[in-house]
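Let me begin by presenting the structure, written as structure tokens, before commenting on it.
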Amino acid sequence: MTKEEAFQIGSYWKGNILMWVYSILMGLPIILVFIFFNYYRLDLVMYAGWLVLAFSVVIILVAGYEFKKEGAPKGSSVVHTTVLVDSGVYAVIRHPQYLGFIMVVFAFVLMSQHWLSLISGIAGSILFYGDILKEEQSNIEKFGDDYKRYMQKVPRMNVVVGVIRLLRRGKRE
């Protein structure tokens, strides 16, 4: 085995271990909501969790549809994307699906209202955010200057800034 192969295997396992850790941490609030649902009986917070969950599912579905429609060649998986998708929800934020998944975890934290859900959700989301940064580096390698321009135009996950920038772009065009 060459040094390069050993490095790739080590990187693979290191990346997968982190993925497992943040998956467990982000999955824990989903499990804990069944045990500690509305733990402190803060109904308003619990209802807010349901609203966040509904909004996050919509974001995930719309982003998945847009990505599949615009980015993947016909009949292939979205993994084989050959086109930079910058329309629809991707014109507002660069990573709507990642944001949607973080919001799902946050929704379950709000619904359970338990400290273990909160700690696990925050820790998992921080580690999950690292994947977003890795994906951006991968997209820069794949799409080059087009992606760098897209990064300057569209925020990573800030929906408010993204909507403001989109409206300003619309007025200029």
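The figures follow:
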{"quantity": "Filtered residues of region 110-149 (kept if outside any helix (DSSP H, G or I) and of a type in the set (S, T, N, Q))", "calculated": "113"}
{"quantity": "Residue match in region 69-76 (condition: outside any loop (DSSP other than H, G, I, E, B), surrounded by fewer than 17 Cβ atoms within 10 Å (Cβ to Cβ) and at pLDDT 90 or above)", "calculated": "no"}
{"quantity": "Residues of region 95-149 classified as surrounded by fewer than 18 Cβ atoms within 10 Å (Cβ to Cβ), touching a residue at least 60 places away in the same chain (Cβ under 8 Å), under 25 Å from residue 67 (Cα atoms) and of a type in the set (Gly, Ala, Ser), total", "calculated": "1"}
{"quantity": "Of residues in region 119-158 being over 18 Å from the mean Cα position of the chain (by Cα) and not basic (Lys, Arg), the one nearest to residue 31 (Cα to Cα)", "calculated": "119"}
{"quantity": "Residue selected from region 150-173 under the condition in contact (Cβ under 8 Å) with a residue 24 or more places away in the chain, in a helix (DSSP H, G or I) and among the hydrophobic types (A, V, I, L, M, F, W, C), by the criterion nearest to residue 91 (Cα to Cα)", "calculated": "166"}
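Residues checked against (1) touching a strand residue (DSSP E or B) at 6+ places or on another chain (Cβ under 6 Å); (2) of a type in the set (Asp, Glu); (3) closer than 28 Å to residue 92 by Cβ; (4) surrounded by 13 or more Cβ atoms within 10 Å (Cβ to Cβ):
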position: 23; (1), (2), (3), (4): no, no, yes, yes
position: 28; (1), (2), (3), (4): no, no, no, yes
position: 32; (1), (2), (3), (4): no, no, no, yes
position: 37; (1), (2), (3), (4): no, no, no, yes
position: 42; (1), (2), (3), (4): no, no, no, yes
position: 47; (1), (2), (3), (4): no, no, yes, yes
position: 51; (1), (2), (3), (4): no, no, yes, no
position: 55; (1), (2), (3), (4): no, no, yes, yes
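The values are calculated or read from the model by the stated rules, or taken from the named source; none is laboratory data. All values reported here derive from a predicted model rather than from experimental measurement. With ideal geometry, Cβ positions are generated from the backbone for all residues, glycine too; neighbour counts draw on all protein chains shown.
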